[in-house]
1. Across region 96-137, what is the total count of residues that are of a type in the set (A, V, I, L, M) and either assigned to a helix (DSSP H, G or I) or over 15 Å from the mean Cα position of the chain (by Cα) (or both)?
2. Which condition breaks for residue 119 when tested against (1) crowded, with 22+ Cβ neighbours inside 10 Å; (2) under 23 Å from residue 65 (Cβ atoms); (3) of a type outside the set (Phe, Trp, Tyr)?
3. Among the residues of region 147-170, which ones are touching a His at 6+ places or on another chain (Cβ under 7 Å) and open to solvent by 10 Å² or more (accessible area, probe 1.4 Å)?
4. For region 55-77, name all the residues that are surrounded by 22 or more Cβ atoms within 10 Å (Cβ to Cβ) and polar (S, T, N, Q).
5. I'd like the residue in region 252-268 that is in a helix (DSSP H, G or I) and without any contact (Cβ under 8 Å) to a residue 40 or more places away in the chain and, out of all such residues, is surrounded by the most Cβ atoms within 10 Å (Cβ to Cβ).
6. Output yes when any residue across region 82-98 is within 30 Å of residue 181 (Cα to Cα) and at pLDDT 90 or above, and no when none is.
7. Cβ-Cβ distance below 7 Å, separation of 6 or more or different chains: which pairs start in region 148-161 with a residue that is touching a residue at least 12 places away in the same chain (Cβ under 8 Å) and end on one that is assigned to a helix (DSSP H, G or I) and of a type in the set (D, E, K, R)?
8. Among the residues that make up region 125-137, is at least one of them within 27 Å of residue 201 (Cα to Cα), in contact with a Phe, Trp or Tyr (Cβ under 7 Å, 6 or more places away or on another chain) and surrounded by fewer than 24 Cβ atoms within 10 Å (Cβ to Cβ)?
Amino acid sequence: MKKLLISSLLLLATIATQAQMDDKFYYPKKAKTITIDSLQFKEQNYFIEKDTINTIVLSPKQKAKQAVVLYFQGAGGNCMNYAGYVKPLVNDGYTVIMISMRGYGKSSGKPTHLNIAADAQTVFNEIQKNPDFKNKKIIIYGASMGTQVAVNLTKNNQDKISGLIVDGVISSFTEIAVSKTPEAQHQMIRMYVTSPYSAAEDIKNIQSVPVLFIHSKTDKDVPFSQCETVFNNTKSKKELWIYEGDHLQAPKLYPSLLVEKTNALLKL
């Protein structure tokens, strides 16, 4: 009991000094160069405040569809670690734009909940102006931690987005923190680790964008219950794809089914 009390007091002190504890949620991996096998790509940089936001545009080798996928990765690694997850979509004709948020890949700065959301909106606005993407349908795809910013961006731009995919969806920053800590600390975390935005709440305000949920009931990284929470809060057209496999493995295990369900999302 004494050890638990000391641990709780230390946790409380850490929370008090680190606000949202953003550094506990993001594990960026830097990259001096970007190498992606078998897929053709180009880089596009955006300059926000004092930082550089690097994006990777993956282009299909055949005639491109009139649709663009804007992809937000999970908490660790960089875009090179996630290219394999979007490869089936690129091979089917989708142009995929992977955003490296601050601190990831070749992007500078340090990621926080708030600047990631702001940067996503800024890049989204610039993409709207780009003649290469103008008049094309836009799908927002969030993977794991990236589902938070994906849902938030969709909520704020519903009239410009044609579809939303959330893979390994997290209900909120608070609840994923709860899932990683002992039960004795749950109440304290819910009191002090606040979510400036959350998929569970933002999804309630999405009225017209169809949503594809992808999750495994045996996911060891994000409890399936978090997906259920967000799915049940969804008011727009929705589909839940439950697959057998580990966290975020559906695109690699079932690439054809991913393409089929993405096409159905847009009726392409």
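1. Step one: filter region 96-137 for residues of a type in the set (A, V, I, L, M), giving 96-99, 101, 114, 116-118, 120, 123, 127.
Restricting the remaining residues to those that are either assigned to a helix (DSSP H, G or I) or over 15 Å from the mean Cα position of the chain (by Cα) (or both) gives 114, 116-118, 120, 123, 127.
Result for region 96-137: 7.
2. All conditions pass for residue 119, except number (2).
3. Within region 147-170, none qualify.
4. Within region 55-77, 55, 73 qualify.
5. Filtering first and then ranking leaves 257.
6. yes
7. 151/202; 152/202; 155/202
8. Yes, region 125-137 contains at least one residue that is within 27 Å of residue 201 (Cα to Cα), in contact with a Phe, Trp or Tyr (Cβ under 7 Å, 6 or more places away or on another chain) and surrounded by fewer than 24 Cβ atoms within 10 Å (Cβ to Cβ).
The values are calculated or read from the model by the stated rules, or taken from the named source; none is laboratory data. All of these numbers come straight from a predicted model, not from anything done at the bench. Neighbour counts run over all protein chains shown; Cβ positions are idealised from the backbone, glycine included. Just so you know, the surface numbers come from the protein's heavy atoms only, side chains and all, with ligands and any DNA or RNA stripped out. Shrake-Rupley method; radii C 1.70, N 1.55, O 1.52, S 1.80 Å.
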